[in-house]
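Some notes on the structure that comes next.
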Amino acid sequence: HEGLRRVKRAWVIPPISISENHKRIPHLLVQIKSDKQQPGGVIYSIKGPGVDEEPLGIFSIDKFSGKVFLNAMLDREENDRFRLKAFALDLGGMTLEDPTDLEIIVVDQNDNRPLFRQDVFTGHVVEGAEPGTCVMTADATDADDPDTDNAVLRYSILEQGGAGMFSINATTGEICTARPGLDRETVGVYNLTVQAADMSGDGLTTTATAVIYLEDINDNPPEFTKEEFSMEVEEQAAGVDVGKVFVHDKDLAGSPNWLAKFTILEGDPEGAFTIHTDPHTNDGVLSVAKPLDHEVRDRFELTVSVQNERPLEPTAPTSPRALATVRVRVRDVNEAPVFRENPRRVSVLEGAPPGTPVATYTASDPDTRQLQTLTYALLYDPADWLQLDPHAGTVRTKRELLHPSAYLQGGWYIALVLARDDAEPPLSATGTLSIEILEVNDHAPLLQPPAGVLCGRPGRGGNLLLGATDDDRPPHGAPFHFQLSPQHPQLARNWSITRFNVTHAVLAVLAELPQGLYSLPLLLRDSGSPPRERQQLLNLSVCHCGRDGTCQDGVLAAATAGAGVTLGALMIILGSSILLLALAGLGAAGVRGRRRALRTGLLQRSRDDVRDNILNYDEQGGGEEDQDAYDINQLRHPELFSPRAKPPVRRDAPLSSASPPGPRKLPSSPSDIEDFINEGLEAADSDPSVPPYDTALIYDYEGSGSIASPLSSIVSSLTDEDQDYDYLSEWGPRFRRLADLYG
């Protein structure tokens, strides 16, 4: 075949081996040659890694002889072989041979020690592990050729500081337990020195450290440090720590295998104590769960046990439960008094008089073994209603208990009582005394309003809604009972009352009634126990009504059209005002008339006019501002006033006051003053146009219960022998004249 061409052997170069770390350089590796030309006519060259590629300059060739040289030391761990291309050219640069491969193999030498993957290997194994339990693998590597003995490693344990508890697999480096008896409480950590050697254990070596920790198991129960413990605690102290019981556990501190649990087995049937574990020290802390009373029990003897939170391992040695005796002595201290009933609830009738017993509110002293005296005081009594016996604790009323009152809360009065002992220092307690003020039916219902307006015929407009109020609280108030007075049975012919609700009733006209004012006696009764009733007058204005049931009378219509004031209320107000003014005028005029009659008699007996002196000491009626209410000369000298003259007018009367219809005859002497006043009163009563400021209506009545007796009066002036005027001589010079006249 023309396509195939025979290649000469001289141009086919077999692989060349050269040992790494060869120090004799340059070193001839091989000579290549081509027989296409005569010697000296061929140019040789090589290309590839180590020549014109990184790493540069390791290999070179003599271009005329074809010799290939090694120019640097080789490291198999960096490059284990080099693949080059060889070229043959003539002097003109033409290719004489096809490029051929030149492979250079770097032969390994044992120039690398084994290397462990880490300097310190860490492993864990539970104490008491069976032999053959593997913990970890301490493996190493070797950079030499793995196909040679240079990288064949063997492992061994150089040192483990014990009785050969661990072994290592020579080929894999796996470390396992070698024998039983691993006890964390004896040796908790093992430090092993492990070696790796190449050349199957005969070459280069290296070492590492293997640290093996034994993991704890609960193979040791807790134990008390001693069999008996003694403690003290004050009585009445709750929630305080009494003391500690100490234990020891060989297991790992802080682990669940070490944590202790305590139990009180005997000596505390009431549950007065509790015991818990101190998480930091693992000791038992005994605490008071309920207040202790030295007077009841002054010492306790407790049996306490301890065990782990976790159960013991089956491999742990069996042992009985640890027990200890704890003796607790209760110290006696002063205790505060105690109100056994707090708050204390009692009841008192409304309006109970002062001195009424309320309750005996006392406390007890828990210190029965100490002689102490309790005293009591009112700590809180906002209305100052109560008084308290400081030794007996008896509470009584100081004043009448009133209802309603701002100090009552829902009908209850709250007071605080303080009890104090005489210890050093003294202790006290506060008790609450709740007093219920019981309602008493002491008020009868009151008609509201007491007046009204209605039409004088049955039907529309002939009804009036009546109401009532009662100052008592339920159940002594509503429902109210309204009825016509039983003393006047004839009222039932014209009137009827029907119940509207619990507080109101409806008054109805039964027959045609003439217009005018009516006073209707009613009887009102509450629902208390016993019931209270009151007879009252209902003032009615009966008017003529139209078809729509409204009053047609002009006056009544005008009154009812006022700003919120009913006709009945308006008439009551006007009538009451006129009546009060008339009574005041009559009283003032009567007293002043008697006093002035006395003065006239005195002036007739003596030339001295002592009017001013008498006024300064006896102006008890209308006050000093009323000394000039009328001119006294009218009574002293009646002849100066003609019957045809204009009657005197009060200085304080309004200008529009109407004058009497005709002049009255004036009295001719002081003895006729009483008749004069009576005639004026009769004239005023018969004439409705006389205003309340008429002179004849002023009497200056001093009242019936005055503690100061008047100097004289119309009646006493006629019976001087019944009076004792000797005391006037003791009043000074101004009254000696009167004493001489009347003594």
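Counting only the backbone N, which residues of the range 86-117 are under 17 Å from the spot 7 Å out from the Cα of residue 21 toward its beta-carbon?
Within reach of a label on residue 21: 106-115.
For the range 223-331, what's the radius of gyration and Dmax over Cα atoms, in angstrom?
Spelled out, the Cα radius of gyration and Dmax of the range 223-331 are 14.8, 51 Å.
Determine the per residue accessible area of the range 338-438 with all protein chains present and a 1.4 angstrom probe, expressed in square angstrom.
53 Å²
Principal axes first, then extents: for the Cα atoms of the range 115-215, list largest minus smallest coordinate on each axis, whole Å, largest first.
The Cα atoms of the range 115-215 stretch 46, 21, 17 Å along the principal axes, largest first.
Check each of the chymotrypsin sites (Phe, Trp or Tyr not before Pro) in the range 32-140 and keep only those in coil by DSSP with at most 12 other C-beta atoms within 10 angstrom; list them in order.
When the chymotrypsin sites (Phe, Trp or Tyr not before Pro) of the range 32-140 are filtered for loop state and at most 12 Cβ neighbours within 10 Å, 64 remain.
How large a share of the accessible area of the range 215-303, in percent, is made up of carbon and sulfur atoms when the probe is 1.4 Å and the other protein chains stay in place?
Carbon-and-sulfur percentage of accessible area, whole number: 49.
How far apart, in nanometres, would the label points at residue 329 and residue 737 be if each is projected 7 angstrom from Cα along the Cα-to-Cβ direction?
With each label point 7 Å from Cα toward Cβ, the separation is 10.3 nm.
What is the spin-label model distance, in nm, from residue 512 to residue 111 if the labels are put 7 Å beyond Cα along the C-beta direction?
A separation of 15.5 nm, rounded to one decimal place.
Modelling each spin label as a point 7 Å along the Cα-to-Cβ direction, I'd like the residue 228/residue 186 distance in nm, to one decimal.
My value for the distance between the label points is 3.7 nm.
What do you reckon, how do 24, 493 stack up by accessible area (1.4 Å probe), largest on top?
From most accessible down to least: 24, 493.
Where in the range 143-214 are there GluC sites (Glu not before Pro) that are in a DSSP coil and have at most 14 other Cβ atoms within 10 angstrom of their Cβ?
185
Roughly speaking, what is the stretch gain from residue 240 to residue 321, that is 0.36 nm per residue apart minus the C-alpha to C-alpha distance, in nm to one decimal?
26.4 nm
For the range 144-182 and the range 392-408, write down the distance between their C-alpha centroids in whole Å.
Rounded to whole Å, the Cα centres lie 100 Å apart.
Per residue, how much space in cubic angstrom lies within the convex hull of the C-alpha atoms of the range 156-261?
So the per-residue hull volume is 134 Å³.
What list of ³J(HN,Hα) couplings, whole Hz, do you get for the range 220-232 from phi and the Karplus terms 6.51, -1.76, 1.60, once you set θ to phi - 60° and write x for glycine and proline?
Whole-Hz 3J(HN,Hα) from phi for the range 220-232: 9, x, x, 9, 5, 6, 8, 8, 10, 10, 10, 9, 9.
If you stretched the chain out fully between residue 471 and residue 265, how much longer would it get, using 0.36 nm times the residue separation minus the C-alpha to C-alpha distance?
67.3 nm
Within 14 Å, Cβ to Cβ, of residue 156, how many net charges do the neighbouring residues add up to if Lys/Arg are +1 and Asp/Glu are -1?
-4
Hey, if we sort 586, 28, 70 by accessible area with the 1.4 Å probe, largest down, what's the order?
The most accessible residue leads, giving 28, 586, 70.
As a test of reading the structure, rank 485, 167 by solvent-accessible area (1.4 Å probe, protein chains only), most first.
167, 485
Quick one: with all protein chains in place, what share of the accessible area of the range 486-555 is carbon or sulfur, to the nearest percent (1.4 Å probe)?
With neighbouring chains kept in place, the figure for the range 486-555 is 53 percent.
Counting other Cβ atoms within 10 Å, keep those with at most 15, restrict to DSSP loop, and tell me which trypsin sites (Lys or Arg not before Pro) in the range 245-304 are left.
297
Using a 1.4 Å probe and ignoring any ligands, DNA or RNA, find the accessible area of residue 130 and quote it in Å² to the nearest 10.
My reading of the accessible area for residue 130 is about 130 Å².
Considering amide H positions built from the backbone, and no H for Pro or chain starts, which residues 5 or more places from residue 401, or on another chain, come under 5 Å of its amide H?
Residues meeting the criterion, in which the H sits 1.01 Å from N, are 351, 352.
Could you calculate the contour length gain from residue 438 to residue 120, that is, 0.36 nm times the residue separation minus the distance between their Cα atoms, to one decimal place in nm?
105.2 nm
Given a Förster radius of 60 Å and the C-beta distance between residue 85 and residue 253 as r, what FRET efficiency does 1/(1 + (r/R0)^6) yield to the nearest 0.05?
That pair, residue 85 with residue 253, gives E of 0.20.
First obtain the Kirkwood hydrodynamic radius of the range 446-543 from its Cα pairs, then insert it into the Stokes-Einstein equation at 4 °C and 1.567 mPa s, and state the resulting D in µm² per second as a whole number.
95 µm²/s
I need the calculated FRET efficiency for the pair residue 492 and residue 678, taking r as the beta carbon distance and R₀ as 41 Å, to the nearest 0.05.
Result of the calculation: an efficiency of 0.45.
Where Lys and Arg each count +1 and Asp and Glu each count -1, what net charge lies around residue 208 among other residues with Cβ under 9 Å from its Cβ?
0
What figure, in Å² to the nearest 10, do you get for the accessible area of residue 545 with a 1.4 Å probe and non-protein molecules left out?
For residue 545, the solvent-accessible surface is approximately 10 Å².
At a probe radius of 1.4 Å, what is the per-residue accessible area of residue 391, in Å² to the nearest 10?
Estimated to the nearest 10 Å², residue 391 gives 140 Å².
The values are calculated or read from the model by the stated rules, or taken from the named source; none is laboratory data. Since this is a predicted model, take the numbers as computed values, not measurements. Heads up, the Cβs are rebuilt from the backbone with ideal geometry, glycines too, and the neighbour counts pull from every protein chain shown. The accessibility values were calculated without ligands, DNA or RNA, using every heavy atom of the protein model including side chains. Shrake-Rupley method; radii C 1.70, N 1.55, O 1.52, S 1.80 Å.
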